[in-house]
Each structure stands twice: as C-alpha cells, then as structure tokens.
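Written out below as structure tokens is the structure these notes cover.
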Amino acid sequence: MSRARDKTGKWGIWYLVSNLPLRAEQAAKEYGFRFDCEEGFRDLKWDLGFSESRVKQIDAWSRLFALFAITLMAVTRWGCSF
C-alpha cells in the first residue's frame, strides 16, 4: 500500500503488488515502460503471423510460445549484430 497525491492535490491510496520495493509513483513510472514492450510484442505477433493462430491445447500453446520466443530472440540478436 502506498499513498500519492492526484492532480488536484488530494491523497489517494494505491494498492500495488510487486516484487520491487517501490513507492506508488515509481511503480507507475516503471509500469509505463511496459507498454512500449507490449506494443513491440503485438507488432511482432502480427508481422510473424501469430495473430491468426487459435490454439486450444496447452501443450500446443507452449510449443507455439517457445517457437515465438526463440524467433524473437534470433531476430533481436540478428538486429543487434548490425
């Protein structure tokens, strides 16, 4: 639990669950960085064709996710080499 002021100056209570000992404003700032990563994953998902996949079995989903993670790692490594 953390307290922070809103734009009008009133105190509000924020309930946060995290493995980092951050105050409310620090946690919100860190969480804001997440959206850039999420947008990148979303764009890659569309570009690689995973957006149309519909997986019903957890084993198949695990394999698909592993393939996606390996592909993402290879593309990132390839991009960093340039």
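May I ask you to list the residues in segment 42-71 that are touching a residue at least 12 places away in the same chain (Cβ under 8 Å) and under 14 Å from the mean Cα position of the chain (by Cα)? Once the filter is applied, which keeps residues that are touching a residue at least 12 places away in the same chain (Cβ under 8 Å) and under 14 Å from the mean Cα position of the chain (by Cα), segment 42-71 yields Leu44, Lys45.
Is it the case that some residue within segment 13-21 is under 15 Å from the mean Cα position of the chain (by Cα) and either at pLDDT below 75 or assigned to a helix (DSSP H, G or I) (or both)? So far as segment 13-21 goes, yes, one or more of its residues are under 15 Å from the mean Cα position of the chain (by Cα) and either at pLDDT below 75 or assigned to a helix (DSSP H, G or I) (or both). Report yes if Ala24 is more than 30 Å from Ala4 (Cα to Cα), open to solvent by less than 90 Å² (accessible area, probe 1.4 Å) and of a type outside the set (Phe, Trp, Tyr), otherwise no. So Ala24 does not fit the description; no. In this structure, does Arg3 turn out to be part of a helix (DSSP H, G or I) and free of Cβ contacts under 8 Å to residues at least 24 places away in the same chain? In short, no. Number of residues in segment 31-58 that are part of a helix (DSSP H, G or I), open to solvent by 100 Å² or more (accessible area, probe 1.4 Å) and not hydrophobic (A, V, I, L, M, F, W, C): the value is 6.
The set of residues from segment 1-21 being open to solvent by less than 100 Å² (accessible area, probe 1.4 Å) and farther than 27 Å from Thr76 by Cβ comprises Ser2, Ala4, Asp6, Gly9, Gly12, Ile13, Trp14, Leu16.
The values are calculated or read from the model by the stated rules, or taken from the named source; none is laboratory data. Only a predicted model underlies this, so the values are computations on that prediction, with no experimental measurement involved. Counting neighbours? That spans all protein chains shown, and the Cβs are built from the backbone with ideal geometry, glycine included. Accessible surface areas use protein heavy atoms only, side chains included; no ligands, DNA or RNA. Shrake-Rupley method; radii C 1.70, N 1.55, O 1.52, S 1.80 Å.
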